[in-house]
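For reference, the structure is listed below as structure tokens.
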Amino acid sequence: MIRGKREKSMKSSLLVLVAGLVAAGASWSAESLQDVMKRRNLSQQDVLAAAKTYVPTGKRDEFIAFSSGGQSGQVIIYGIPSMRILKYLAVFTPEPWQGYGYDEESKAVLAGGRIDGKDITWGDTHHPAISETNGQYDGQFLFINDKANPRLAVIDLRDFETKQIVANPIFKSEHGGAFVSPNTDYVIEAAQYATPLENKKFHPLEEFNERYRGGVTYWKFDRKAGRIDPKQSFSIELPPYSQDLSDFGKGPSDGWSFTNSFCAERYVGGIEKGRPPYEAGCSAKDTDYLHVINWKKAAELFAQGKTRKINGHDVIMMDTAIKEGILFLVPEPKSPHGVDVTPDGKFMVVSGKLDTHVSVYSFDKIMAAIKAGKFESKDPYGIPVIGMQDALHVQVPLGLGPLHTQYDSKACVAYTSLYVDSQVAKWNFCEGKVLDKISVHYNIGHLMTMEGDSVNPAGKYLVALNKLAIDRFNPVGPLHPQNHQLIDISNDKMQLLYDMPLPLGEPHYVVAVAADKLKPGVRYKVGTNSRTDQPSPGAVRAGEEKTVREGNKVTVYGTLIRSHITPETIEAEVGDEITIHLTNLERAEDETHGFTVSTYNVHASAEPGKTVTVKFKADKEGVYPYYCTEFCSALHLEMQGYLLVKPKGWKPTKTALAAATYTEDDYKKQLKKIADTQAVIDSVVGYITSVNYKDFPDVVAMVEDATDQLGKMPDAKAKHEAAAAKQDWEQANLWAEQVWQYQVKAADLGLRAKTYLEQNGAKKAN
Ligand code: CUK
Ligand code: CUA
């Protein structure tokens with residue numbers, strides 16, 4: 001028997017492999033740590049850094065980081081402190097592994113991001129934000145913006161899938177998002193490059209001051225639905241000042257939001273006409289403006305209907321905002337970048353890119369000035385301007401090119417990135433003094449501390465998001481990876497621990513949450529459309545699979561389970577529209593099946609319980625294999641089928657399938673194999689039922705899957721026995737083989753369950 005032989009030879013080669021490993025292990029352990037340090041030229045410091053970041057096999061990271069994927073339009077997920085990349089999460093850009101943009105469910109999500117009727121298949125992601133409850137990260141949702149095409153995405157952290165993309169109805173770019181209010185009722189987005197808000201009629205640059213506008217959008221997040229509600233969302237019209245980053249107030253400043261700007265000069269360039277370029281015109285003055293907005297009151301004005309509809313979206317116009325006293329400006333030096341509210345909500349830290357200072361504004365002082373009506377002037381649009389000195393708590397000279405600020409678990413301690421100096425400065429924002437500096441490689445943009453945007457940052461680690469890697473890694477051509485450097489901040493002096501190359505776009509910002517706050521599921525309720533979280537109309541259970549033809553539409557309701565796709569042939573006529581729904585019937589963790597049809601540019605990833613749909617036009621007659629794209633079991637390669645696209649009016653000339661020859665002897669061997677395997681299954685079942693397996697939901701799922709497989713056996717058994725009675729040895733052998741296939745899958749699950757129970761301390765059942 002071929003299989004028996006193959007198993008035997010596999011077993012003996014396994015033995016050889018194990019023997020080899022043991023020998024290698026012995027020689028490896030004979031080398032001491034000192035030997036390795038010498039051989040690899042490592043210092044004590046290096047070894048200490050390695051020990052602080054190494055996560056042994058089977059152990060997990062303490063924090064999970066969600067990094068923007070920059071121009072890739074994705075989110076990059078990695079663990080801290082190991083810096084191991086865990087997933088590239090598909091957001092604005094098609095991603096084949098996850099079937100994103102290749103199956104119908106995800107195409108519907110991407111369609112939400114269409115602008116002016118056009119598909120936009122990339123994004124420039126900048127700022128991820130984790131949902132908060134009372135200002136603390138709750139690990140439920142993630143938001144991220146697309147700067148290039150003003151859009152915002154909602155990711156559900158129960159399954160790490162993008163659920164929604166909304167396009168901003170009045171902006172043409174968008175940078176100051178995503179940031180969340182302390183209870184995630186709103187997600188803010190601020191415009192970057194001013195344009196006419198309606199943008200339906202052309203307005204020349206000569207009308208910039210009158211017709212072009214910036215703004216901020218407050219997207220209402222419906223936490224129960226897990227979606228943004230565009231109808232409950234609104235914007236505030238702002239001057240064309242190139243609004244940049246934003247942050248929400250918290251604690252005493254809850255109810256207010258802050259957005260800075262960098263070209264309050266309102267310069268419009270024109271280098272090709274001999275005018276000085278943008279960079280000169282946009283940085284000519286010493287100050288720009290921090291926008292201070294009472295968003296709670298703005299939400300009331302929206303509720304009262306004090307808005308104008310622009311492109312179907314509610315906008316509180318500047319005049320209304322000024323009259324109602326919800327909008328103020330404070331000068332900030334000079335072409336600033338980053339406004340970061342302190343964890344206690346008392347201060348707003350602004351960095352001047354072209355100024356060596358960070359400016360710490362006091363919320364109390366700003367409120368006192370507003371209350372007293374003490375303004376130094378009005379801007380050209382009539383917005384009251386609070387004097388800088390009336391709002392400042394302290395200014396601290398940190399170094400060249402300060403950009404972004406993050407906070408420590410220790411009170412008053414902050415970290416600011418210094419782009420030009422390529423350094424991180426640790427400083428005290430209460431007293432205004434520098435505590436420490438460390439060099440990074442090179443030209444740092446954002447930096448991030450653990451839970452650093454929340455009301456109680458976790459400290460411990462800091463990640464420097466360096467724009468240039470230059471000489472840090474093995475060269476891979478002129479386009480270099482980004483360099484995320486991990487820094488230990490648990491002591492007074494910062495210590496550099498690790499360089500991680502990030503090879504997927506230029507991440508701008510990253511957020512990290514304690515790993516134990518994330519509770520992602522391992523399976524869906526059977527038949528779920530994961531993008532809507534609703535039951536899929538295309539779902540069927542085992543035994544209910546069918547193919548339906550209506551006119552030129554062929555719809556397949558199929559299933560996936562180790563190791564077959566049902567159906568195994570799909571028949572169509574050229575020109576038919578084919579829709580294939582597939583439900584993964586597995587419950588076991590990590591039992592994903594993939595699905596594709598040759599040359600039709602479709603792909604789906606079906607995790608346990610999920611129903612996926614692919615759709616295409618069978619526009620060319622011929623034969624197209626389809627198969628499972630994930631190596632899901634020993635017979636994964638056999639998880640296959642044929643799409644037969646026949647010409648119109650085609651008639652068969654040959655009706656019998658080719659067959660191999662089988663004998664009675666073969667059949668007897670099959671029966672013996674089945675009996676042997678059953679003995680293995682019985683012993684595993686004996687063990688599982690002897691312990692408290694019902695206390696382990698993962699094992700219960702595996703047992704359910706195994707029971708499913710075994711449940712199909714009687715039918716196949718009846719078939720092989722009936723065939724044997726008729727001496728049809730082909731059918732008898734093949735159905736007996738199918739019985740064994742069910743056994744093997746059940747045994748595989750049973751052994752996995754047994755291992756799990758042994759490793760997780762199962763106890764004797766009473
Ligand atoms: S930005 Cu890129 S380094 Cu978009 Cu937050 Cu500052
Ligand atoms: Cu399912 Cu491979």
One point scatterer per Cα, no solvent, Debye formula: log10 I(q)/I(0) for segment 75-131 at q = 0.17, 0.28 Å⁻¹ comes out as -0.66, -1.18
Note on segment 664-759: contact order normalised by length, alpha-carbon pairs under 8 Å, 6 or more apart, percent, works out to 45
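Cα-Cα pairs above 13 Å in segment 549-589: how many percent? Intermediate values should be presented prior to the final figure.
Working: 464 of 820 pairs.
The answer is 57 percent, as a whole percent.
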Going by a 4.7 Å Cβ-Cβ cut-off, which cysteines of the chain have no partner at all?
Cys628, Cys632
For segment 664-759, using Cα atoms only, the Rg and Dmax in Å read 15.2, 49
Tell me, what is the percent relative contact order of the chain, built from C-alpha pairs under 8 Å that lie six or more residues apart?
8
Longest segment of the chain with no chymotrypsin sites (Phe, Trp or Tyr not before Pro) in a DSSP loop having at most 13 other Cβ atoms within 10 Å?
203-630
Got a sec? Charge dipole of the chain, +1 on Cβ for Lys and Arg, -1 for Asp and Glu; which of Pro535, Tyr54, Gly215 is way out at the positive end?
Pro535
Let's test the formula: R0 of 25 Å, r as the Cβ-Cβ distance of Lys493 and Ala514. What FRET efficiency results, to the nearest 0.05?
0.55
Just to be sure I understand: of the beta bridges DSSP finds with both ends in the chain, what percent are antiparallel, rounded to 5?
90
Along segment 409-416, Karplus-curve 3J(HN,Hα) (6.51, -1.76, 1.60; θ = phi - 60°) to the nearest Hz, with x for Gly and Pro, reads 6, 7, 4, 6, 9, 10, 10, 10
Calc'd 3J(HN,Hα), segment 222-232, phi into Karplus 6.51 cos²θ - 1.76 cosθ + 1.60 (θ = phi - 60°), Hz, glycine/Pro = x, comes to 9, 5, 5, 6, x, 9, 6, 10, x, 5, 9
Once you have all Cα-Cα distances for segment 255-374, histogram them in 5 Å bins from zero and send the whole-percent values.
2, 10, 17, 17, 16, 15, 12, 7, 3, 1
Report the normalised scattering of segment 531-623 as log10 I(q)/I(0) at q = 0.15, 0.20 Å⁻¹, calculated by the Debye formula with identical scatterers on the alpha carbons.
-0.56, -0.97
Cα radius of gyration and Dmax for the chain (Å):
31.2, 102
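Which is the longest run of the chain containing none of the GluC sites (Glu not before Pro) found in DSSP loop states (not H, G, I, E, B) with at most 16 other C-beta atoms within 10 Å? Kindly include the intermediate steps, with their values, before the conclusion.
Details: sites that count: Glu31, Glu198, Glu324, Glu376, Glu431, Glu544, Glu568, Glu589, Glu621, Glu638.
After excluding every exposed loop site, the longest remaining stretch is 32-197.
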Segment 564-718 - Rg and Dmax from Cα coordinates, angstrom:
20.0, 61
Just how far, in whole angstrom, is segment 350-427 from segment 99-116 if you go by their alpha carbon centroids?
41
In whole Å, what is the distance between the alpha-carbon centres of segment 705-766 and segment 243-310?
66
For a quick check of your reading of the filter: which trypsin sites (Lys or Arg not before Pro) in segment 196-260 sit in a DSSP loop and have no more than 15 other Cβ atoms within 10 Å?
Lys200, Lys201, Arg223, Lys224
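All of the numbers you see were taken from the coordinates with simple rules; none came from a lab. Keep in mind that what you see is a predicted model, and the values were worked out from it rather than measured. All Cβ positions, glycine included, derive from the backbone under ideal geometry; neighbour counts span all protein chains shown.
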